[in-house]
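Notes follow the structure.
The values are calculated or read from the model by the stated rules, or taken from the named source; none is laboratory data. In this text, all values refer to a predicted model and were calculated from it rather than measured experimentally. As a convention, Cβ positions derive from the backbone with ideal geometry for all residues, glycine included, and neighbour counts pool all protein chains shown.
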Amino acid sequence: MNLNVALWIDAPSFPGQPKISNGGFGVPLKIEISSTYKIDAYGKISEHQILESRLNGMLTPGDVFSKWVINLTSPDQGNREESDGLNFANTFIDAIGWVRSQSRK
C-alpha cells in the first residue's frame, strides 16, 4: 500500500511582521509512505509494517539509517573479507559522510 500526500508549507514571516508579508512564498512537501499489512480472518488488520518513507522523493534519514543497519547486520556481511572495504569502520564513515552531505544541501 502506498500513501502519497502533497502539502504546501508557507514560509514563516519575520517576528513582528504580519503573516501576509511572506509574499505567498512557501515550499512544497511531498510525503510518500510505503507499507504492507496482513488481514486476519475477521477482516481486520492484524499486522502493519512501514517499508519506507520519503520526503520530496528522498529517503528519510531514519530509513537510510535502517537500511544501513540491516545491510551491516545481514548474514552475508560476515562472509565478506575485510579487504572489500565493507567492514564496520568504513561503513560507519560512509554513513557519516552521507549525513554531512545531506546537511549541506
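So here's what we get for this one:
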{"item": "Number of the condition not met by Leu3 [criteria: (1) touching a strand residue (DSSP E or B) at 6+ places or on another chain (Cβ under 7 Å); (2) surrounded by 10 or more Cβ atoms within 10 Å (Cβ to Cβ); (3) modelled with pLDDT of 80 or more; (4) closer than 26 Å to Ser101 by Cβ]", "result": "(4)"}
{"item": "Counted residues, region 42-74 - those being small (Gly, Ala, Ser) and within 20 Å of Val5 (Cβ to Cβ)", "result": "3"}
{"item": "Boolean, Gly62 is in a helix (DSSP H, G or I), at pLDDT 85 or above and out of contact with any His (no Cβ under 8 Å at 6 or more places or on another chain)", "result": "yes"}
